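Here's the structure, in structure tokens; my notes come after.
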Amino acid sequence: MASVFEAMQERRSSSKVTDEAPSHDELLELIEAAGQVADHSGMTPWRVLEIRGESRRIVGESLAAAAGLEGRDADKNIRKAYRAPLLLAVIVSPRPSFKVPYWEQEAVASGVAHSLNLLLHERGYGAMWRTGIHTRSDAVRLAHRLEPGEQMLGWIYVGRYPDRPRSSRRSRVDARRHLSSL
Ligand SMILES: Cc1cc2nc3c(=O)[nH]c(=O)nc-3n(C[C@H](O)[C@H](O)[C@H](O)COP(=O)(O)O)c2cc1C
């Protein structure tokens, strides 16, 4: 089994995936593991929507509506939600707190989304975190039934890696440019 270091080095997003997605039970397992991220005061300020089958249309329609698209343009946009058999909408679900401000809670939810990407990769699933300029629009909020204060972080599109060579490893970051001393 690959180490976390190796998994991080080899993970790539997969824009194309097959029709095979993790089952509901497998997803529960992965979400439980992703929930182990660092979490100030353990508030678990996040939730995930499991979107399969025709429910994907709700995602596509809300994005098309937010973009003001109609007719063929809307249809074309809606089809994009069918690029994977499973969409995981990751939502920041902030808890009231004086000690832990909103931005910290969003950081936790973001950590969960990144961890899910890595865990899916480890299980042989292709995943791609997608958003768009209308991710936090009213149409999207309404369609996903967000509670007041909740915020979308986007959708992780999930399926199996297709049977084709994966794109090569991403160019490495120049760690020296990103690490300095105070
Ligand atoms: C918050 C967030 C939103 C993203 N939204 C999109 C998107 O809408 N469309 C897209 O092509 N890539 C998007 N990406 C980038 C891809 O998920 C992916 O990271 C990128 O294509 C690079 O591929 P890699 O993960 O294999 O390095 C997003 C990434 C993050 C973290």
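Can you name every residue in region 33-59 that is open to solvent by less than 50 Å² (accessible area, probe 1.4 Å), touching a residue at least 40 places away in the same chain (Cβ under 8 Å) and over 16 Å from the mean Cα position of the chain (by Cα)? Matches in region 33-59: 39, 43. When 79, 123 are checked against the criterion of being without any contact (Cβ under 8 Å) to a residue 24 or more places away in the chain, closer than 21 Å to residue 20 by Cβ and in contact with a helix residue (DSSP H, G or I) (Cβ under 8 Å, 6 or more places away or on another chain), 79 stands alone in meeting it. Going through (1) open to solvent by less than 100 Å² (accessible area, probe 1.4 Å); (2) more than 10 Å from the ligand (Cβ to nearest atom) one by one, residue 154 falls short only on (2). If you filter region 1-16 down to residues that are over 27 Å from residue 137 (Cα atoms) and not in a helix (DSSP H, G or I), you find that the one that is nearest to the ligand (Cβ to nearest atom) is 12.
Please indicate, with yes or no, whether at least one residue in region 94-110 is open to solvent by 10 Å² or more (accessible area, probe 1.4 Å) and within 15 Å of residue 157 (Cβ to Cβ). The answer is no, given that none of the residues of region 94-110 is open to solvent by 10 Å² or more (accessible area, probe 1.4 Å) and within 15 Å of residue 157 (Cβ to Cβ). Could we say that residue 25 is open to solvent by 40 Å² or more (accessible area, probe 1.4 Å), more than 19 Å from residue 156 (Cα to Cα), more than 15 Å from the ligand (Cβ to nearest atom) and out of contact with any strand residue (DSSP E or B) (no Cβ under 8 Å at 6 or more places or on another chain) here? Taking the combined requirement at face value, the residue does not satisfy it.
Has region 112-130 got at least one residue that is open to solvent by less than 10 Å² (accessible area, probe 1.4 Å), within 14 Å of the ligand (Cβ to nearest atom) and either over 30 Å from residue 42 (Cα atoms) or acidic (Asp, Glu) (or both)? No: region 112-130 contains no residue that is open to solvent by less than 10 Å² (accessible area, probe 1.4 Å), within 14 Å of the ligand (Cβ to nearest atom) and either over 30 Å from residue 42 (Cα atoms) or acidic (Asp, Glu) (or both).
The values are calculated or read from the model by the stated rules, or taken from the named source; none is laboratory data. In this text the structure is predicted, and so the values were computed from the model without any measurement. We place every Cβ from the backbone using ideal geometry, glycine too, and count neighbours over all the protein chains shown. Keep in mind that these areas ignore ligands, DNA and RNA; they rest on the heavy atoms of the full protein, side chains included. Shrake-Rupley method; radii C 1.70, N 1.55, O 1.52, S 1.80 Å.
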